[in-house]
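The values are calculated or read from the model by the stated rules, or taken from the named source; none is laboratory data. Note that the structure is a prediction, hence the values are computed from the model and not measured. We place every Cβ from the backbone using ideal geometry, glycine too, and count neighbours over all the protein chains shown.
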There are 2 protein chains.
Amino acid sequence: MEVGEKMLVLITYDVNTETEAGKRRLRKVAKQCVNYGQRVQNSVFECNLDAAKYRQVKAILEDIVDKSKDSLRFYNLGDKYKNKVEHIGAKKSFDVTDTLIF
Amino acid sequence: MEVGEKMLVLITYDVNTETEAGKRRLRKVAKQCVNYGQRVQNSVFECNLDAAKYRQVKAILEDIVDKSKDSLRFYNLGDKYKNKVEHIGAKKSFDVTDTLIF
């Protein structure tokens, strides 16, 4: 991959929201993800990133989550992803400031 | 891709659980996904499928969901996915029969 080349990175997360602290972590994770990509499901973001931004968002999210309770996964779909993604059903628009949907 | 060749397919879903019918759909989706792959987060499954099985699981899930309310997404990571997936944090084991986690 060349410097600056962009790739589609899928970020998925499960944050344990049994506590108030957990709910705060979930909101923080979502708010950060919004800076890097598009929310396609409640806990799934599609982000078009170069390698530097990819490292950056990983580091930021890693700092937010509680690694003993929460799960973060990153999937790199590369730069030719048009035929790799399929959608069925509703395309909701998500409001990251709306805490109800978390 | 050759006939029978396997690929890693990521299945992610948002099922609207505001109604009892929605909760039933969510349980059905999860139960079907378990037949095709490994649950890695609440609403994320990683499935190692050939093209025929991929078509099959798509058709089954499409029949279960309410397309006006629920969202299904499929990401094909191909057959060389070892370096494309990164994980941070907890790796929970999921019990598909436990309705509490849905």
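Quick check on this structure: which one of B:Tyr13, B:Tyr54 is surrounded by 18 or more Cβ atoms within 10 Å (Cβ to Cβ) and in a helix (DSSP H, G or I)?
After applying the criteria, what remains is B:Tyr54.
So if I check each of A:Asp98, A:Asp79, A:Asp70, which one is under 16 Å from the mean Cα position of the chain (by Cα) and either surrounded by fewer than 19 Cβ atoms within 10 Å (Cβ to Cβ) or at pLDDT 95 or above (or both)?
A:Asp70
What are the residues in the range A:1-22 that are over 16 Å from A:Ala52 (Cβ atoms) and over 16 Å from the mean Cα position of the chain (by Cα), if any?
Selection gives A:Thr17, A:Glu18, A:Thr19, A:Glu20, A:Ala21, A:Gly22.
Would you confirm whether or not the range B:54-64 contains a residue that is modelled with pLDDT under 95 and polar (S, T, N, Q)?
No: zero hits.
Going by the conditions given, is A:Tyr36 in a loop (DSSP other than H, G, I, E, B), surrounded by 15 or more Cβ atoms within 10 Å (Cβ to Cβ), more than 9 Å from every other protein chain (Cβ to nearest Cβ) and modelled with pLDDT of 95 or more?
So A:Tyr36 passes the test.
Residue by residue through the range B:58-67, note down the ones that are assigned to a helix (DSSP H, G or I) and crowded, with 21+ Cβ neighbours inside 10 Å.
Once the filter is applied, which keeps residues that are assigned to a helix (DSSP H, G or I) and crowded, with 21+ Cβ neighbours inside 10 Å, the range B:58-67 yields only B:Leu61.
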